[in-house]
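Reviewing the structure listed below.
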């Protein structure tokens, strides 16, 4: 199946926010299941099949008994995202993050903290897969997404349009996140664990920030770090109102 959403929570979010994208529903449950009942009330085609069939449809065993075939979700263009930006705007750029669990968790945090859009590379990182969607608890179906070919030129264009770029990293030259005043228009670049943000992108950044650690372990998982950065951005502006 080319495009599907799996997992109970993801299907619920899709039904809540974009029911028009549901093509077919495959499930291990009958019509007495509350979620299936809702889908039937929305006149969606529902097919009760074996769990083995569900495994085959989505190439995964973590579907929780729900697999929904969807229309392809159109991503925004970079210009669309820029044109729709608000005076106070936060955009997240994913650089070479290949773990679908991490990507999904980051997208979940981005949706929870009101990020305006997430940009990812066609070639250097994980794309939006059923596992990403399930881990994101459906955030992939809600948050604006932009797929680009070149992250460096993308960052440069954002800077030309009034955005200030932050690279999250652990280095002796980085400043503490908690001493930083966020610009109204901010781009946050998150890099892969181990390698971090690519040097070419790091050099383009206007600021380099790290999260101070108080324990013996010197870093967070990238999805955990993302949540800390996003919370701090929103918290810093909430104090001003």
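Please treat every number below as a calculation from the coordinates, not as lab data. This structure is a prediction, so every number in the text was calculated from the model and none was measured. Here the Cβ positions follow ideal geometry from the backbone for every residue, glycine too, while neighbour counts run over all protein chains shown.
Observations on the model:
- A Förster distance of 22 Å, applied to the separation of the beta-carbon atoms of residue 217 and residue 62, puts the FRET efficiency at 0.20.
- Largest mean-square fluctuation among 214, 40, 151, in a Gaussian network model of the chain whose springs join Cα atoms under 10 Å apart, belongs to 214.
- If R0 is 22 Å, the Cβ-Cβ spacing of residue 88 and residue 179 corresponds to a FRET efficiency of close to 0.65.
- Candidates 230, 15, 107: whichever shows maximal mean-square fluctuation once the chain is modelled as a Gaussian network with Cα springs under 10 Å: 15
- 33 Å tail of the calculated P(r), the chain, as % of Cα pairs: 25
- Here the Gaussian network model covers the chain, with springs between Cα atoms less than 10 Å apart; of 186, 129, 71, 71 fluctuates the most.
- Inter-part distance where the range 168-195 and the range 119-155 are each reduced to a Cα centre, Å: 20
- Radius of gyration and maximum dimension Dmax of the range 4-70, Cα, Å: 10.5, 29
- The alpha carbon radius of gyration of the range 74-198, expressed as a multiple of 2.2 N^0.38 Å, is 1.00.
- Beta bridges per DSSP, both residues in the chain: antiparallel share near 25 percent.
- Taking each residue as 0.36 nm, the span from residue 152 to residue 16 lengthens on full extension beyond its C-alpha to C-alpha distance by 45.4 nm.
- A protection proxy built from the mean count of other Cβ atoms within 10 Å ranks the segments 92-101, 196-205, most packed first, as 92-101, 196-205.
- Take the Cα of residue 193, go 7 Å toward its beta carbon, and the backbone nitrogen atoms of the range 114-128 under 18 Å from that spot belong to 125-127.
- Estimated FRET transfer efficiency (residue 123, residue 238; beta-carbon r; R0 51 Å; 0.05): 0.85
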